[in-house]
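Here is the structure we will look at.
Each reported figure results from applying straightforward, stated rules to the coordinates on display, with no laboratory input. In this text the structure is predicted, and so the values were computed from the model without any measurement. Quick reminder, even Gly has a Cβ in these numbers, built from the backbone with ideal geometry, and neighbours come from all protein chains shown.
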Amino acid sequence: MSVSLPRSYYHATRQLDLASTSALQGDETTDICIVGGGVTGCSAALHLAERGYRVVLLEAGEIGHGASGRSGGQILPGFGTEMPAIENAVGLDAARRLWAMSCEAVDLTERLIARHDIPCDLRHGYVHAAVKPRHAKAMQAHTERMAKIYGYTGERWLDRDALRDHVRTDAYLGGLFDAAGGHLHPLNYTLGLARAAERAGATLLARSPVTRVERGDVTRVMTASGCVRCNAVVVACNAYLNGLVPQLDGRIMRVSNYIIATEPLDAALASRILPSDPAVSDANFVLDYYRLSADRRLLYGGEVSYSGREPRALDRRMREKMSALFPALTGTRIDYRWGGDVGITLNRAPDFGRLGDTLYYAHGYSGHGMALAGLAGCLLAEAIDGEPARFDEMAAIPHRRFPGGERLRVPLLALATTFYRLRDRW
Ligand SMILES: Cc1cc2nc3c(=O)[nH]c(=O)nc-3n(C[C@H](O)[C@H](O)[C@H](O)COP(=O)(O)OP(=O)(O)OC[C@H]3O[C@@H](n4cnc5c(N)ncnc54)[C@H](O)[C@@H]3O)c2cc1C
């Protein structure tokens, strides 16, 4: 079961309404049916419709109901794991092409926002902050390696003093600044993609939970009140998949993650704590991340749950961490609190693939999907339209299922995280 949520700041500030949000009733026939109305599904719908396909997208809740409408909104190059892990998995040449695709994902996000005039408050600048001396050492080695092996010079190591131009706290020993990264309002971005897909001719149907997918000469995608017959189906359910495609069980796990939003901060205070208005995350394994919203609230994320139940005393814990970083925020009111489900893979690299010729999937971005999911939609459309090379390159990243079978997977993952959380203290 997914987390049950108070209304999020994003819902309170949504800017776009869609034309078609009715539920599926009766039978429809189309070329491609997409299950899931997050960034992956909406981007796939847009890119497929632009290529001339008839598309029906079915979303269980409202468009943006899942992680895409709840996330920290950080737009970053790279993956949920470091590049050496990708190199070990696929070799250096393929890793270089995958890195380039991750940078393309960030560019694509910006292009989509500009082309479709999506009002989602895009800002540039990302800080990855060192909390421990070992983080600082690893980050400096990382920038040198990225320049040497990938020719990537976008990240700059900033010592404690230099970092204060971006984040003013005594808690960090320094950090990496990357001007290519940034942040946006994730729900408005997702709705903007959905609106663009509609304008390109796709049909988007909300409140239409898919109960079964039957593959055959014609694929049938069923809900309680109707059926879509199609030539191929794209499964874009990520952490909310919940057993819909049994062959994918155990490839990704759901981890709930939480965000609070403060009251709007005074302009002087906001620019005192985050002078360059960047997105920030720390280098801990169970990381905290934050940024300002367009109306200068601090949106502070972190804390995980494996049961889908909100951790106890969440507000207090988040508030303590926030105040430890920025004492000036002590006593600041919290106006919103919400959570969402992240889909992680065992190796934290995204999991793309197909079952037979008619079912495609892309998921498991491991907390790093706001940009990658947009590219996934584009690659899904390429693959379905007979240009599978780039999709296949992503799909070639090998994945293993989480150990422990249906009963022990969650406890084992929680145990592993406890180990890493303890290591975060060193
Ligand atoms: C709290 C939080 C913070 C995050 N912060 C960041 C961040 O700062 N930067 C970053 O890069 N990533 C972040 N992520 C991850 C990022 O949000 C995801 O990787 C990305 O949104 C995945 O998009 P998606 O479309 O694949 O999945 P989702 O947005 O989760 O969409 C899946 C959709 O499928 C629908 N669905 C599921 N089952 C069915 C069914 N049977 N029938 C119909 N519809 C169905 C769901 O309702 C859902 O809307 C965060 C995630 C969370 C939860």
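Just how far, in whole angstrom, is the range 40-89 from the range 321-378 if you go by their alpha carbon centroids? The distance from the Cα centre of the range 321-378 to that of the range 40-89 comes to 10 Å. When Rg and the Kirkwood Rh are both derived from Cα coordinates, the Rg/Rh ratio for the range 150-275 amounts to 1.13. The alpha-carbon of K148 sits under 22 angstrom from the alpha-carbons of these lysines, leaving out residues fewer than 8 places away in its chain: K137.
The phi-based Karplus calculation (6.51 cos²θ - 1.76 cosθ + 1.60; θ = phi - 60°) puts the 3J(HN,Hα) values of the range 353-361 at x, 9, 10, x, 9, 10, 10, 10, 9 Hz, whole numbers, x for Gly and Pro. For the range 284-289, 3J(HN,Hα) computed residue by residue from phi via the Karplus equation (6.51, -1.76, 1.60; θ = phi - 60°) reads 5, 5, 8, 8, 9, 9 Hz, glycine and proline entered as x. Treating each Cα of the range 216-330 as one equal point scatterer and applying the Debye formula with no solvent, the log10 of I(q)/I(0) at q = 0.13, 0.23 Å⁻¹ comes out as -0.69, -1.31. Over the range 9-415, what portion of Cα pair distances is larger than 37 Å, expressed as a whole percent? Percent of Cα pairs beyond 37 Å in the range 9-415: 19. Going from the residue with the fewest nearby Cβ atoms within 10 Å to the one with the most, E82, E382 rank E82, E382.
Within a straight-line Cα-Cα reach of under 18 Å, K321 can be paired with the following lysines, leaving aside sequence neighbours fewer than 8 residues apart in one chain: K132. In plain terms, the residue of I118, I63, I334 with the fewest other Cβ atoms within 10 Å comes first and the most crowded comes last, giving I334, I118, I63. Per-residue Cβ neighbour counts within 10 Å put L287, L184, L48 in the sequence L287, L184, L48, beginning with the fewest. Entry note, the chain: the mean residue ellipticity at 222 nm calculated from DSSP H runs of n ≥ 4, each adding -39500 (n - 2.57), is -10500 deg cm²/dmol after division by the residues and rounding to the nearest 500. Where does helix 186-199 land angle-wise versus the long Cα axis of the chain, in degrees 0 to 90, nearest 10? For helix 186-199, the angle is close to 30 degrees. The string of couplings for the range 257-265 from the Karplus curve (6.51, -1.76, 1.60, θ = phi - 60°) is 9, 10, 9, 10, 10, 6, 5, x, 8 Hz, one whole number per residue in order, with x for Gly and Pro.
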